[in-house]
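The values are calculated or read from the model by the stated rules, or taken from the named source; none is laboratory data. What you see is a predicted model, and the numbers here were worked out from it, not measured in a lab. Using ideal geometry, Cβ is built from the backbone for each residue, glycine included, and neighbour counts are taken over all protein chains shown. In case anyone asks, the SASA skips ligands and DNA or RNA and just uses the protein heavy atoms, side chains included. Shrake-Rupley method; radii C 1.70, N 1.55, O 1.52, S 1.80 Å.
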Amino acid sequence: MNWVDAAKGKTAASCPFDYAAQLTEIMLLGVVALRAGKKIHYDPANMRVTDVPEANQYLQREYRTGW
């Protein structure tokens, strides 16, 4: 209900977007490392894995035509 109340402007969200976005990025990079099978080093400014080039394939996807 906190999220609903925050969307209605009644209260502040208990987990602000700027915090949640960073937390989600870190969690997803953990998934990339698991899929790559090794520790990775991530360059956030360029949004690329710097030491395991094959891991970069997990940072984007091919969308179906029309999307």
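Here Lys38 is the anchor, and the aspartates and glutamates within straight C-alpha reach of less than 18 Å, apart from those fewer than 8 places off in the same chain, are Glu25, Asp51, Glu54. From helices alone, the chain scores -12500 deg cm²/dmol at 222 nm; the rule is -39500 (n - 2.57) for each run of n ≥ 4 DSSP H residues, then divide by the residue total.
The loop-placed trypsin sites (Lys or Arg not before Pro) in the range 1-40, going by DSSP, that have at most 14 neighbouring Cβ atoms within 10 Å of their Cβ come out as Lys8, Lys10, Lys38, Lys39. Taking amide H positions as modeled 1.01 Å from N, with prolines and chain starts lacking one, the residues under 5 Å from Val52 and 5 or more places away or on another chain are His41. Protein heavy-atom surface of the chain, 1.4 angstrom probe: 57% of the accessible area is carbon and sulfur, with nucleic acids and ligands not counted. The GNM of the chain, with springs linking C-alpha atoms under 10 angstrom apart, assigns the highest mean-square fluctuation among Asp43, Asp51, Asp18 to Asp18. Looking at the chain, the accessible area is 88 square angstrom per residue; that uses a 1.4 Å probe and ignores ligands, DNA and RNA.
For the pair Val4 and Met27 in one chain, pulling the backbone fully straight at 0.36 nm per residue adds 5.8 nm over the alpha carbon distance.
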